[in-house]
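Chemist: Here it is, the structure, as structure tokens.
Nothing in this text is a laboratory measurement; each read-out follows from the coordinates by a stated rule. Just so we're clear, the structure is a prediction, and the values are computed from it rather than from any experiment. Don't worry about glycine lacking a Cβ; one is built from the backbone with ideal geometry, like all the others, and counts go over all protein chains shown.
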Amino acid sequence: VTAVLASGRLARRRRARQRILTEASSVMLSVVLLIWSLTPVYNMLLVALDPEEGEIEFAGNLWTPEPSLEGFRAAVMQDARYLEDFWYQYGNSLYIGLATTLLTMLVGSMASFALGRMHLAKASLLTNAAVLTYAIPAPFLIVPLYRIMHGYGLLDNLWAVIVAQVTVTIPFAILILRQYARLIPLDLDDAARLDGASVVQLYLRIYLPLTAPALAVIAGYSLLLSWNDYIYQFVLLSSQRNMTVSVMQAALFVDADARWNAMMAAAMIYAALPIIILYALGRYIATALARGCT
Amino acid sequence: MPRMGSVWRRLRTQNDTQVPKQRGYYNVLIGEAGMSGTQQVLSAGPPVLEKRSWRQPGHRRPHGSDFIWAIAFVVPYVAVFFAFAVYPVGFALWMASEPSLYAELIADPFYPPAMVNTLLFVGLGVNVKMFLALLLSGFFMRRRRWIKALLAIYIMPWALASVQAFISFHWMLIGEQGLVDGLLSALFGIEGPIWFNDRWLGLGSNIVAYIWKWMPFWTVIFIAGRMAIPRDIHDAAEVDGATGARRFVHVTFPLLANLYLVCTLLSTIWTLGDFATVYFVSGGGPTGSTNVLATLGFHYAFDASRPALGVAAMISALPLLIPIVILLIGKLQTSEVQL
């Protein structure tokens, strides 16, 4: 009996030790992940808070000796080279982002509504076309797009960027919605039809409200893609007034004499918006992705 | 666990060949005799709702005004698709149809290293990223409040605008003025390397920055995939004695394998066209030795004013791209896995 008891105690102790080990290793992993995720962001902050105007020497300090908000002031007041039109360019980025998002939601949901719920023949053909669009790398499209936009007279026009981005985001919208809309029973449509609902009413009253979580994910995705984009904006826009923040910020890469602290401060201001949106929509995104993945 | 192995093999083969598409794994095993715990739970699951199975083949096609409406709803996308996807692609193929362009490419000393870099960047970047994301998604499934908070911080790189994030990476690694080398000398007294003076260090920096930026996105996808696995299956697996690594190998991974494959294929496609990482982290330097096809093509087209050569450089990636696309479309059609 004592032997059995002793072995039981031993096993319990072993289990407790194992639990402590798991906890300790997950804490360690968390620390590593924190450092990994935050170092580049921290670096941005370090540069943005540096009081010096010109070059920044990292002297081995973990923190700037005299943190200063001068960089942020210069960015907000548009008081530095490259930043003269910062808020105007921010407006351009926002305009492109919002237009891309709205168009993606509208055109994508219309197309997937017709493809998924109108019993169209050859519907899968168009869905495959959407997948194929995924497979075209942007740098491959950009040269012909430049020529084509020139032909359409859309060069240096914000709408050139918007339609280029929409071409990339709509396939994502169609794929997500196709998946998500399977959860809505088709009987619902039939019942509404019996009650005399028109096609447009089906779309507005049933399809759109019931796919709202998926639409939120699509909105987040489109806005992030547009906010992240550089290549389309760089190639298709040229004048100072039509430039976006992404393009303007690239100057920091080529020009070592740019005011680093102000540019990094502007970068952080620019980067804040999608982070806010992502955290606001996070719950929707998680649930919709969870449904979409099964 | 010989039993479980065979069960999952059956599950998967059934799942691949099932005639009506099903979303669940439940009804595969209904009515088995001599079941293990896992099987019992599986068979106790709710009967699968057969979506659309009541619909007769050829069940009413739209006609009259409905048909017109259906067309009207599809037309905007079709128009965008033809004007901004089909037309440019056709144009690109026409631009790059000159065979002499490819002879020129091969003769260019910058081209072969760019090809090698692309293979390394995509091959290492995508696979390391996906594998780590899969493992980390398991870690983030732990139900602790601080792990949830950590997840919120962990996904920040994904939300951060890429130009800004990659520029930050670049300045972090710029040499002794950069944060990384500064920390190395302050903490360990090591003189860090000048990262972008060496092809392999530069390429490595690009890959690390790429993984940093995109791993969170795929981790979230895998977390969603894991959440979709009914808890019963894990509980049952535990009853059968599968824990830890065994559970991962025999239960979780087989259920996620399809999702993992589709995501890897998709990510490979996207990464082949990734331009911003290399352009902003290493800038292609030193002397163009870390360029990938995307940045080299861009360089030809816009810096050297040779648009056709730039398109040809991208087209030379097609032999890599086409099999992946075919595989992906096949996978998306036969399975329910979706992004």
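Chemist: I'd like the Karplus ³J(HN,Hα) series for the stretch B:128-137: coefficients 6.51, -1.76, 1.60, θ = phi - 60°, whole numbers in Hz, and an x wherever there's a Gly or Pro.
Modeler: Per residue, the Karplus-derived 3J(HN,Hα) values read 4, 4, 5, 5, 4, 4, 5, 5, 5, 4 Hz.
Chemist: Per q in 0.08, 0.10 Å⁻¹, report the Debye log10 I(q)/I(0) for chain A, using one uniform scatterer on each alpha carbon and no solvent.
Modeler: -0.54, -0.74
Chemist: Now for a different question. Would you calculate the separation in nanometres between label points at A:Ile20 and B:Val128, each defined as 7 Å from the Cα along the Cα-to-beta-carbon direction?
Modeler: Output for this residue pair reads 3.5 nm.
Chemist: Shifting gears a bit: P(r) for the stretch B:227-335, please, calculated from all Cα pair distances in 10 Å bins and given in %.
Modeler: Histogramming the stretch B:227-335 at 10 Å steps yields 13, 28, 21, 18, 13, 6, 1 percent.
Chemist: Same structure again: What is the ratio of the Cα radius of gyration of the stretch A:221-284 to 2.2 N^0.38 Å, where N is its residue count, to two decimals?
Modeler: That works out to 1.26 for the stretch A:221-284.
Chemist: Next question. Calculate one ³J(HN,Hα) per residue across the stretch B:87-102 by plugging θ = phi - 60° into the Karplus curve 6.51 cos²θ - 1.76 cosθ + 1.60, and present them in order as whole Hz with x for glycine and proline.
Modeler: 4, x, 5, x, 4, 5, 4, 5, 4, 9, 7, 6, x, 5, 4, 6
Chemist: Follow-up question, since we're still on this one. Take the Cα atoms of the stretch B:122-165, find their three principal axes, and give me the spread along each one in whole Å, biggest first.
Modeler: Dimensions of the stretch B:122-165 along the principal axes of its Cα atoms: 34, 25, 7 Å.
Chemist: Now for a different question. Can you give me the three principal axis dimensions of the stretch B:65-117 from its C-alpha atoms, in Å, biggest first?
Modeler: The Cα atoms of the stretch B:65-117 stretch 61, 24, 11 Å along their principal axes.
Chemist: Sticking with this one: What longest region of chain A stays clear of trypsin sites (Lys or Arg not before Pro) that DSSP places outside H, G, I, E and B and that have at most 14 other Cβ atoms within 10 Å?
Modeler: Answer from the scan: A:123-240.
Chemist: Still on this structure, please answer the following. For the stretch B:134-258, report the convex hull volume of the alpha-carbon atoms normalised per residue, in Å³, without decimals.
Modeler: 158 Å³
Chemist: Right, another one. Against the empirical 2.2 N^0.38 Å scaling, what ratio does the C-alpha Rg of the stretch B:120-202 come to?
Modeler: Ratio of Cα Rg to 2.2 N^0.38 Å: 1.38.
Chemist: Here's another thing I want to ask about it. Over all directions, how big on average is the projection of the convex hull of the alpha-carbon atoms in the stretch A:145-267, in square nanometres? Present the calculation step by step, with values, prior to reporting the outcome.
Modeler: Numbers: hull surface 42.6 nm².
Taking a quarter of the hull surface, the average projection is 10.7 nm².
Chemist: Whole number please: convex hull volume per residue of the Cα set in the stretch A:114-176, in Å³? Could you put the intermediate results ahead of the total?
Modeler: Working: hull volume 6.5 nm³, N = 63.
Spread over its residues, the Cα hull of the stretch A:114-176 gives 103 Å³ apiece.
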